[in-house]
Amino acid sequence: MLKTIRASHHGADLFDWDELIQEDRVHRLIYTDPAIFEMELTNIWGAVWVYLGHESQIPGPDDFITTRLGLRPIILIRDAAGTIRALFNRCTHRGTTLCRKERGNAHMFTCPYHGWSYLSTGKLRAVPWPDGYACDFKDAKFNLAQVPRVDSYRGFVFGTLNPDAPPLRTYLGGITAPIDEWLDRNPGGKVEVCEANRLKFKGNWKLAYDNSGDGYHVVFSHRSLLEMENRLADEANKGMSYYRGSPDSKPMYMRYTGNGHHFKDKRPNIEKRAGGLWSVEGPAPGGEHAEASLRGRFGERADDILDLASSEPVNINVFPNLSLLGNHIQVFEPVSVAETNVTWYGTRVVDADGTLGAAVDEINALRMRTQEQFPNFGEVDDLANFEEIQRGLACLEDEWVYMHRGLGIPGRVKSGPDGEVTAPATDEAFMREYIKEWKRLMQASPRLVVKREP
Ligand code: FES
Ligand SMILES: [Fe+2]
């Protein structure tokens, strides 16, 4: 059953969007205004496909995780028949959240408040002391609301409340190519999600998305990490060192692929040889020992194995909340206009066809060590920047944030078919492109719906 929950929208004309979003700059209000944040919950977080979780987090029947769609609490569950559903985590009686666990397995949920219980399909199962009610509990309105469209792309599960959104595959468009490459570099083409580093910052969620492809800040903001790597290893070889000197003269690049998605590709900088990727991996405590033992055991195969354990030098950003970078899955989650959660999930390689054999555990152990690197030593630099931007934006009279690097230089930014835009690695072209898409979405009047079991 589909039911319209928001027939009309009055927010779209509250702001002069052409004034707020200009070719070279955006107004501070887009990061600070609670009314704009409130609108985003409908026009962005309700209207486009939003990443909800990974299939490997709910592998079996009745496995669930709790997650969010914007601020809406969600139970992402694989029901007993195997269908993945995104149930609103909200009891239909008086509205409390039904499930307060991060994950688990449940064929039904019993509300902690008055004991109404629901099946994993979202259907109301029973109500305590029903004699006290005159209503018919078979009415669908008592079943849990759920996200009407849930779909996966190669294990990544997305949902939208917008019946007019394009199919997921169309929405993802050109960003599926780097996602495929990110997965297919592993024999079997699959990863599983592991535990996470959970971080948060006092700033607007878009500050994190603005930064997700920013190659301009690296050597300045992450100087301490670069210096540490330089102390431990040959500085000329390390991936982050690519941004020293004249980064734009190197073959790495950024590309905007439409619908707010973009990626930064450092792979062209890597030597094309077995072990080439491992040679740019940052040194980790204990890494040399693991490498030596692996070389001893696997001989000539060791270089390929070490490459699979290394961080893939890409940042793939799927608007509005998913980022694949290195070996990690990063998820952005708005909390309020000036508060955001940032979660970095580790991933392990799945040896689906037995190609890796005994090496798979070694690869995954080394991949876990990469979780200790950038998410611990680099992400904190970025979060500090986001918080300090939010503080800076409190200067009411200094209104503009510039994102015009690369703009107006003949031949620098190249447009391809399907609205693709390619530019040097330090350009802000992807920011200008995604924020145009954000503006288009904020000017729209999406019709959002929920579904309930009949
Ligand atoms: S609020 Fe859930 S049973 Fe009352
Ligand atoms: Fe950074």
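Placing unit charges on the Cβ atoms only, positive for Lys and Arg and negative for Asp and Glu, gives segment 86-193 a dipole magnitude near 280 debye about its Cα centre.
Electrostatic bookkeeping for Y216 treats Lys and Arg as +1 and Asp and Glu as -1; over the other residues with beta carbon under 12 Å from its beta carbon, the sum is -3. Unpaired cysteine residues in the chain (no second Cys Cβ under 4.7 Å): C99, C135, C194, C395. Sequentially through segment 121-137, phi angles give Karplus couplings (6.51, -1.76, 1.60; θ = phi - 60°) of 7, x, 6, 5, 9, 7, 10, x, 6, x, 4, x, 10, 8, 7, 9, 6 Hz, Gly and Pro residues having no value and appearing as x. Over segment 312-365, the ratio between the Cα radius of gyration and 2.2 N^0.38 Å evaluates to 1.51. Under a model in which nothing but the beta-carbon of Lys, Arg (+1) and Asp, Glu (-1) is charged, segment 2-142 shows a dipole of about 860 debye around its Cα centre.
If you keep only loop residues by DSSP, which GluC sites (Glu not before Pro) in segment 266-352 have at most 11 other Cβ atoms within 10 Å of their Cβ?
Numbers: sites: E271, E281, E288, E291, E300, E339; in loops: E271, E281.
Here the GluC sites (Glu not before Pro) that fit, given the DSSP loop and packing criteria, are E271.
Each of the peptides 23-29, 198-204 was scored by the mean count of other Cβ atoms within 10 Å over its residues; in descending order, highest first, they stand as 198-204, 23-29. Only Lys, Arg, Asp and Glu carry charge here, each on its Cβ (+1 for the first two, -1 for the last two); on that basis the chain has a dipole of about 1300 debye about its Cα centre. When segment 50-153 is described by a simple charge dipole with +1 on each Lys and Arg Cβ and -1 on each Asp and Glu Cβ, the residue from Q57, N105, F88 located farthest towards its positive end is F88. For segment 266-332, trypsin sites (Lys or Arg not before Pro) are listed when DSSP marks them as loop and at most 13 other Cβ atoms sit within 10 Å of their Cβ; the list is K272, R273. Modelled spin-label separation between R440 and A365, with each label point placed 7 Å from Cα along the Cα-to-Cβ direction: 4.9 nm. Between A134, G215, W182, the Cα set farthest toward the positive side of the dipole of the chain (charges on each charged residue's Cβ, about the Cα centre) is that of A134. The simple spin-label model puts a point 7 Å past each Cα toward its Cβ; for H289 and L71 those points are separated by 4.9 nm. Along the axis of the charge dipole computed for the chain (Cβ charges of +1 for Lys and Arg, -1 for Asp and Glu, origin at the Cα centre), the listed residues I363, S117, G155 are led at the positive end by S117. The mean sequence distance of close C-alpha pairs (under 8 Å, at least 6 residues apart), as a share of the length of segment 50-153, puts its relative contact order at 22 percent.
Working note: Debye formula, equal point scatterers on the alpha-carbon atoms of segment 175-440, no solvent; log10 I(q)/I(0) at q = 0.13, 0.15 Å⁻¹ is -0.88, -1.17. Among 93-102, 206-215, the peptide with the highest mean count of other Cβ atoms within 10 Å heads the list, and the full ranking is 206-215, 93-102. In the chain the Cα-Cα distances spread across 20 Å bins starting at 0 as 23, 54, 21, 2 percent of all pairs. Over all other residues within a Cβ to Cβ distance under 13 Å of F156, the charged ones net out to -1, with Lys and Arg as +1 and Asp and Glu as -1.
The calculated pair-distance distribution of segment 196-274 uses every alpha carbon pair, bins of 5 angstrom beginning at 0, and gives 3, 12, 19, 20, 20, 16, 8, 2, 0 percent.
Sorted into 10 angstrom bins from 0, the C-alpha pair distances of segment 208-251 split as 27, 53, 20, 1 percent. Computed 3J(HN,Hα) for segment 187-199, one whole-Hz value per residue from the Karplus formula 6.51 cos²θ - 1.76 cosθ + 1.60 where θ = phi - 60°, is x, x, x, 9, 10, 10, 7, 10, 5, 10, 8, 9, 10, glycine and proline marked x.
Quotient of the Cα radius of gyration of segment 119-237 and 2.2 N^0.38 Å, N being its number of residues: 1.75.
All of the numbers you see were taken from the coordinates with simple rules; none came from a lab. Computed from a prediction, not measured in an experiment: that's the story for all the values here. Cβ coordinates were reconstructed from backbone atoms using ideal geometry, including for glycine residues, and neighbour counts include every protein chain displayed.
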